[in-house]
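Derivation of every value follows stated rules applied to the coordinates shown; laboratory data play no part. Quick caveat, the model's predicted, so the values are computed rather than measured. Note: ideal-geometry Cβ built from the backbone for every residue, glycine included; neighbour counts use all protein chains shown.
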Amino acid sequence: MGSIPTPSITKFRIKDMTYKEITEYIFVENKNLNADIAFAFGTWNAYKESCRKAAELYKQGRVQKIIVSGGVNPKSGLAEGVLMAEEMQKLGVPKKDVLIENRASNTLENVLFTREILDRRIGLGKIKVIVVVVKNIHARRALMTLKKHMPSGIELKSAPYASDYYENVTKENWHKTESGRTLVMHELEKIQKYLTKGDISEL
């Protein structure tokens, strides 16, 4: 997994973790972002930011394909995957290089439904490296979900971004505001919950 830190949350209770331990655990980022495909997770409040990050990787020649993933918003009735694909084209990514997953309503479904599409359209055996484009606070859980459900031979990388919608929470400032602390602690609780359920695997 390259430079991804590997401490296990199962070794200690959340309340006993220091700010440094939490920061190292949650905020996962790789320096070498070259991959076969970028997997852009949707998020209704920041999907354009996700698209910009993925398009940046494509234009830099770090990836040859992008898959966008996000299902229908019950309030708007619009599929986020479709909106993201349209945004990619606006950002200059050719339609032929964007795959669409438009059914997922949570992280597990993002991964399971995307796996189906990648296997059908490309073949999982042909994919060596996937780089995940995701909100920085969500990076570890996204990677842990992929590790659980993707073939073990695929290398996983993280290309996170800080979102304006989430007050630009970063690994440097998250513990300085109540909202930042709430977001990060909520992620820790989700990781603990889904590890217990068996939906994700520790990195």
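Overview of values
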item: Given charges at beta-carbon only (K, R positive; D, E negative), |dipole| of the chain in Debye; result: 320
item: GNM flexibility winner over the chain from 71, 180, 123 (Cα, springs under 10 Å); result: 123
item: Set of aspartates and glutamates near residue 20 by C-alpha distance (under 20 Å), chain-local residues within fewer than 8 positions excluded; result: 29, 172, 178, 187, 189, 202
item: Proximal aspartates and glutamates to residue 95, defined as alpha-carbon separation beneath 13 angstrom and excluding residues fewer than eight positions away on the same chain; result: 86, 87
